[in-house]
Amino acid sequence: MRNLAKKYFRLGMAAVVGIGIFTFSSFTFARNDDVNFHFTLKPKYKNSYSTERYRETSNPKNKWKVNLTYSSEGKGTIATFWLDKSGTRVSNIYDVKQGSGAHYYTAYSTANKSYVRLGAENNNYSTNNYTIAGYWDEETD
C-alpha cells in the first residue's frame, strides 16, 4: 500500500511540474532584445525589409529599437528606418547614422498586437545597392 501511495505521489508531482512548464512556455515576455538584421538597401529609394516579429504590446509608447552597425556605403553613412505592417508604415521614419548606437522610437497604435518588420531605404537617391546590418527589436519594455 505504501509503494502505491509513493507511485501516485510521484505521478502527481510530475503532472504539476509538466503543467507548470507548459504554462510558462506559453507566455512571451517583452524585453529589450538584439535581433540581427542584414539586407540590401536597394537603389532609387526602394524599400527593404527584415523578417517579421510579433509586437505584443498594447502601449504605443513601448519603443522599438534600431542599431545600424554596418553599411557597405561606408562608416558614418545614414539609412532611413521605420516599422512596417503588411506594407503599411506603422511608425514615423528616422535617419540613423552607422555606428551611432541604439536608437529608440515610438510606434503608431496600429503596430500593437501585430506582426511588424523593420523597413529601410537609403537616405539619399542612389543607383547603387548597399549592404547594411545591425540589430533591432519590435518592442523594448
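The values are calculated or read from the model by the stated rules, or taken from the named source; none is laboratory data. Model, not experiment: these values are computed from the prediction. Ideal geometry is used to build each Cβ from the backbone, glycine not excepted, and the neighbour counts take in all protein chains shown. Keep in mind that these areas ignore ligands, DNA and RNA; they rest on the heavy atoms of the full protein, side chains included. Shrake-Rupley method; radii C 1.70, N 1.55, O 1.52, S 1.80 Å.
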Out of contact with any Phe, Trp or Tyr (no Cβ under 8 Å at 6 or more places or on another chain) and acidic (Asp, Glu): does that describe GLU56? yes
Expected single match for at pLDDT below 95 and within 20 Å of ASN36 (Cα to Cα) among ASP141, ASP137 is ASP141
Which ones in region 87-112 are among the polar types (S, T, N, Q) and touching a Lys or Arg at 6+ places or on another chain (Cβ under 9 Å)? GLN98, THR106, THR110, ASN112
Going residue by residue through region 97-114, is there one that turns out to be open to solvent by 40 Å² or more (accessible area, probe 1.4 Å), free of Cβ contacts under 8 Å to residues at least 40 places away in the same chain and among the β-branched types (Val, Ile, Thr)? yes
Residue list for region 104-141, filter: assigned to a strand (DSSP E or B), within 25 Å of LYS44 (Cα to Cα) and not polar (S, T, N, Q): VAL116, ARG117, LEU118, GLY119, ALA120, GLU121, TYR130, ILE132, ALA133, GLY134, TYR135, TRP136
Is it the case, given these coordinates, that LYS113 is basic (Lys, Arg) and modelled with pLDDT under 95? no
If you go through region 115-132, how many residues are under 18 Å from the mean Cα position of the chain (by Cα) and either within 11 Å of PRO60 (Cα to Cα) or surrounded by 15 or more Cβ atoms within 10 Å (Cβ to Cβ) (or both)? 7
Kindly indicate the residue of region 57-93 that is exposed (fewer than 15 other Cβ atoms within 10 Å of the Cβ) and closer than 23 Å to LYS113 by Cβ and also modelled with the lowest pLDDT among those meeting that condition. LYS61
